[in-house]
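**Q** Below is one structure. I have some questions about it.
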Amino acid sequence: MSVEVERKFLCNADTLKTLEEIGAVCVGQRQFQDQYFDTPVFDLTLNDMWLRKRKGCWELKCPTTTTVNGTEETSGEQSKAAALCSRYKEITNLPDIQLRVKEVIKEDVDSETTEKISSQEDESWLGKMNLVCFAEFTTVRRSFTLEEEGVQIDLDQADFGYHVGEIEVLIPEGGDVQSALEKIERTAQKLGLTGHQRVEGKMNIYLKRYRPEHYEKLLSAHVL
Ligand code: V4E
């Protein structure tokens, strides 16, 4: 299981030129559709858990407790640079996803649902866990690497008209978060990013625009 440490940034007309100037190498462009699922009362997202289907594969992004310099972090203690970054564990094994989801949702799910149903194609488990799609959009992503830092930089264009960049480092669970944060901070400086505000992700904008009730609930719960 890996942990994704990432910082989002706003792109501008110079972003591509700057990436070239700092030696970032374009490693490709791809397009994917994401479908996000939750219960009608938002059991998953209120716990900051994000279940999605991307390119036919299930993924669950959930919060992770990370340690920096051997000490468990609490939100008030983060450095300014760390506060601009998010950290999520990514689970991609469907039976593990189903178990985790079952732990969180309040529906009474019989054990057969998670024992028997684990094929990527069979989606009947969604209904049994009362999961419905709440967001669906397509992203065109251009990816770059900055080899000297070991970071990936993605430029995303979502089909609902939002453009956002992210600098990301993947580490194993329990891996060196401090080093990942430093790589991201150095890359941000090379890109000339000066803002000290967290930049909104695609989902923030999507929910604000198309699912305002869901968005307000997540804001009130301090998930977004
Ligand atoms: C909304 C959200 C999550 C789902 C979407 O994650 P995100 O990283 O924005 O999507 P994407 O397409 O870039 O995924 P990738 O391909 O990198 O895996 S996961 C966590 N959240 C909440 C959240 C937050 N609280 N703050 C910020 C800045 N971003 C996301």
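Each value in this text was obtained by applying a stated rule to the coordinates, not by laboratory testing. Model, not experiment: these values are computed from the prediction. Virtual Cβ from ideal backbone geometry, glycine too; neighbours counted across all protein chains shown.
**Q** Can you tell me the length gained on complete extension of the stretch Thr145 to Thr18, counting 0.36 nm per residue apart and subtracting the Cα distance?
**A** So the extension gain works out to 44.4 nm.
**Q** Still on this model: Go through 94-100, 4-10 and give me the packing order, highest mean Cβ count within 10 Å leading.
**A** The peptides rank, most packed first, as 4-10, 94-100.
**Q** If you don't mind, there's one more thing I want to ask. For a 25 Å ceiling on Cα separation, which of these pairs sit above it: Lys17/Lys53; Lys53/Lys128; Lys8/Lys106; Lys61/Lys106; Lys61/Lys102?
**A** Checking Cα-Cα distances, Lys17/Lys53; Lys8/Lys106 exceed 25 Å.
**Q** May I ask you to evaluate 6.51 cos²θ - 1.76 cosθ + 1.60, the Karplus curve with θ = phi - 60°, for each residue of region 14-31 and list the ³J(HN,Hα) values in order in whole Hz, giving x for glycine and proline?
**A** Along region 14-31, the couplings run 8, 4, 4, 4, 5, 4, 4, 4, 8, x, 6, 10, 6, 10, x, 10, 9, 10 Hz.
**Q** Further question: List nothing, just return the count: lysine pairs in region 134-218, 8 or more apart or interchain, with Cα separation under 26 Å.
**A** 4
**Q** Plugging the Kirkwood radius over Cα pairs into Stokes-Einstein for the chain, at a temperature of 4 °C and a viscosity of 1.567 mPa s, what D comes out in µm²/s?
**A** 69
**Q** Right, next: How high is the relative contact order of the chain, given as a whole-number percent (alpha carbon pairs under 8 Å, six or more residues apart)?
**A** RCO, the chain: 32 percent.
**Q** For region 201-212, in order, what is each residue's ³J(HN,Hα) by Karplus, 6.51 cos²θ - 1.76 cosθ + 1.60 with θ = phi - 60°, in whole Hz (x at glycine and Pro)?
**A** x, 4, 5, 4, 5, 4, 5, 4, 7, 10, 9, x
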